[in-house]
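Shown next, in structure tokens, is the structure this report addresses.
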Amino acid sequence: MLKIYNTLAREKQTFTPIVAGKVSMYVCGMTVYDYCHLGHARVMVVFDMVSRWLRSSGYAVTYVRNITDIDDKIIKRANENGETIGQLTQRFIEAMDEDSAKLGIIRPDIEPKATEFIDGMIQMISALIEKGFAYVAANGDVFYSVNNFEGYGKLSGKSLEDLRAGERVEVDTHKKDPMDFVLWKSVKPNEPSWDSPFGGPNGGKGRPGWHIECSAMSSHHLGEHFDIHGGGQDLQFPHHENEIAQSEAAHSHNGEPCQMVNYWMHNGFVRVDDEKMSKSLGNFFTIRTVLEKYDAEVVRFFILRAHYRSPLNYSDQHLDDAKLALTRLYTSLRGHVVADVAIDWQQPHSARFKEAMDDDFNTPEAMAVLFDLANEVNKTKSLEVAALLKSLAGVLGLLQRDADAFLQGDVAAQLAGTELKIDIDQLVIQRNEAKKTKNFAEADRIRKELADAGIVLEDTALGTTWRKG
């Protein structure tokens, strides 16, 4: 029975979907003004894993992950570059899709863009004004009145008094309360705008604030009440807190708020060498930068090796360790031609894997099962065990490549058809001949020559194979 840590309840809870057999899940996606970084990679991989496990558990999943394509940072970057907002966002959406595909992400079922739902945002803001949860300021901005929503702070676990004392908020004299947040921004020079009925000195023209975007898109695709809402820990406050306030107030009936989400999930922060990742510290890495050095499956393995709620500490050493660990798994499959098999969840290894995943998606424990299976394959050479290893790993989006293709990696692709590739194969043959004639000194010399070139030889019952070091 699946249990999920619910941030709102601050405990693990048994998962019970609103509609039996179906799961509705919304995840806050990327703001597309730059290349995706490691924090984005973690969100992508974590909720891809969640979606995969829910589907493996028999649920029909509707997975929505939005794209924020209108935002202060987007406008600023487009103006700096001298390009349109559409040109900027389309370029980085395409880059995001490329990065996502390399990481083995199954595309969400629905990927709405904020600019496609302006009408829905205006309707939600109008409902909030009508119900007394929002007001139009003198400058034409529309603000949410946090004092009028009784449950404000329930996700972060802080009272309004605590939040006022501890949070940095932008001083805006048009607000009634410092914690009030913007729903609609009155038009400014060199910014896109849409018509609205909110009035003010600019006739209501303006654009939506960030928080209202997700409330409008999630309710459009999943309804007023859905199962799971996910995102990074950094979004817990203020973004997700504000989403709850907006959605539950806008959809309230007879003064009673309508619960927005049953289970709130947040993945932990990404740190770099035990420091917060930030551009100012010079330790900010895009996915593309990391993939220049490490195979994408190694990065995916590295992310899933940690529990999704734990901090993830990026370092070359940790990526190197992940590479070695994944290499061990692929090495156990080398020489075994295995097809996907239906998983028998009663089988002891499968049952342990399921128990781990049902315990709040405990991927470290699930991976421990994979290594136990790899050890058994190495001992018994069992095709049945190898097939189970590949199938269970496939639930996590791992070990689906040909073992030789992974182990030889880019080296094989780069050397295909070249003299150096032929030289490697020829040297392997020469070494085997030297071993047959008991010329071990020559065999060792060839092994060392290849090792110096970054090629590792492996002697198996099926013969000698090579891989990159």
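Write out, first by first residue and then by second, each pair whose Cβ atoms fall under 6 Å of each other, whose residues are 6+ apart or on separate chains, and whose first residue, in the stretch 60-84, is touching a residue at least 60 places away in the same chain (Cβ under 8 Å) while the second is of a type in the set (G, A, S).
T62/S24; N66/G29; T68/A114; I70/A114
Taking the criterion of being over 30 Å from G223 (Cβ atoms) and free of Cβ contacts under 8 Å to residues at least 40 places away in the same chain, would at least one residue in the stretch 106-116 satisfy it?
no
Please tell me if G58 is farther than 16 Å from Y263 by Cα and in a helix (DSSP H, G or I).
The answer is no for G58.
Just one of E275, E248, E292 is acidic (D, E) and assigned by TED's automatic domain parsing to the domain that holds F92; which is it?
Every option except E248 fails the conditions.
Find the residue count for the stretch 273-295, including only residues that are aliphatic (A, V, I, L, M), surrounded by 14 or more Cβ atoms within 10 Å (Cβ to Cβ) and farther than 17 Å from A322 by Cβ.
Going through the stretch 273-295 one residue at a time, the tally reaches 1.
R271 passes all but one of (1) touching a strand residue (DSSP E or B) at 6+ places or on another chain (Cβ under 9 Å); (2) among the charged types (D, E, K, R); (3) closer than 30 Å to Y144 by Cα; which number fails?
Here R271 meets the rest and fails (3).
Keeping to the stretch 61-101, report how many residues are outside any helix (DSSP H, G or I) and either of a type outside the set (V, I, T) or within 18 Å of R42 (Cβ to Cβ) (or both).
Count: 9.
If I ask for residues that are acidic (D, E) and crowded, with 20+ Cβ neighbours inside 10 Å, which ones from the stretch 90-141 would you list?
Residues satisfying the conditions are D99, D141.
Take residues that are buried (at least 19 other Cβ atoms within 10 Å of the Cβ) and touching a residue at least 24 places away in the same chain (Cβ under 8 Å) and tell me which of the strands (runs of 3 or more DSSP E) falling wholly in the stretch 3-43 contain 1 or more.
3-6, 22-27
Only one residue in R328, R334, R305, R401 is under 30 Å from I455 (Cα atoms), in contact with a Pro (Cβ under 9 Å, 6 or more places away or on another chain) and charged (D, E, K, R), so which one is that?
Exactly one of R328, R334, R305, R401 is under 30 Å from I455 (Cα atoms), in contact with a Pro (Cβ under 9 Å, 6 or more places away or on another chain) and charged (D, E, K, R), namely R305.
When the residues of the stretch 223-260 are filtered to those that are among the aliphatic types (A, V, I, L, M) and touching a Phe, Trp or Tyr at 6+ places or on another chain (Cβ under 6 Å), which remaining residue is nearest to L8 (Cα to Cα)?
Per the stated criteria, the residue is I228.
Quick one: is E161 more than 30 Å from the chain's Cα centre (by Cα) and in a helix (DSSP H, G or I)?
Taking the combined requirement at face value, the residue satisfies it.
Residues are listed down the side, and each one gets a yes or a no for (1) of a type in the set (D, E); (2) within 22 Å of I244 (Cβ to Cβ):
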{"position": "T31", "(1), (2)": "no, yes"}
{"position": "A60", "(1), (2)": "no, no"}
{"position": "D97", "(1), (2)": "yes, no"}
{"position": "A114", "(1), (2)": "no, yes"}
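Quick grid of which residues meet (1) under 25 Å from the mean Cα position of the chain (by Cα); (2) farther than 14 Å from Y135 by Cα; (3) in contact (Cβ under 8 Å) with a residue 12 or more places away in the chain:
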| residue | (1), (2), (3) |
| --- | --- |
| D177 | no, no, yes |
| D180 | no, no, yes |
| P189 | no, yes, no |
| S193 | no, yes, yes |
| G199 | no, no, yes |
| K205 | no, yes, yes |
| P208 | no, yes, yes |
| C214 | yes, yes, yes |
| M217 | yes, yes, yes |
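Return the residues of the stretch 179-216 that are assigned to a strand (DSSP E or B) and basic (K, R); say none if nothing qualifies.
Result: K185, R207.
The values are calculated or read from the model by the stated rules, or taken from the named source; none is laboratory data. As the structure is a computational prediction, the values presented were derived from the model and not from experiment. Please note: Cβ atoms are built from the backbone with ideal geometry, for glycine as well, and neighbour counts cover all protein chains shown.
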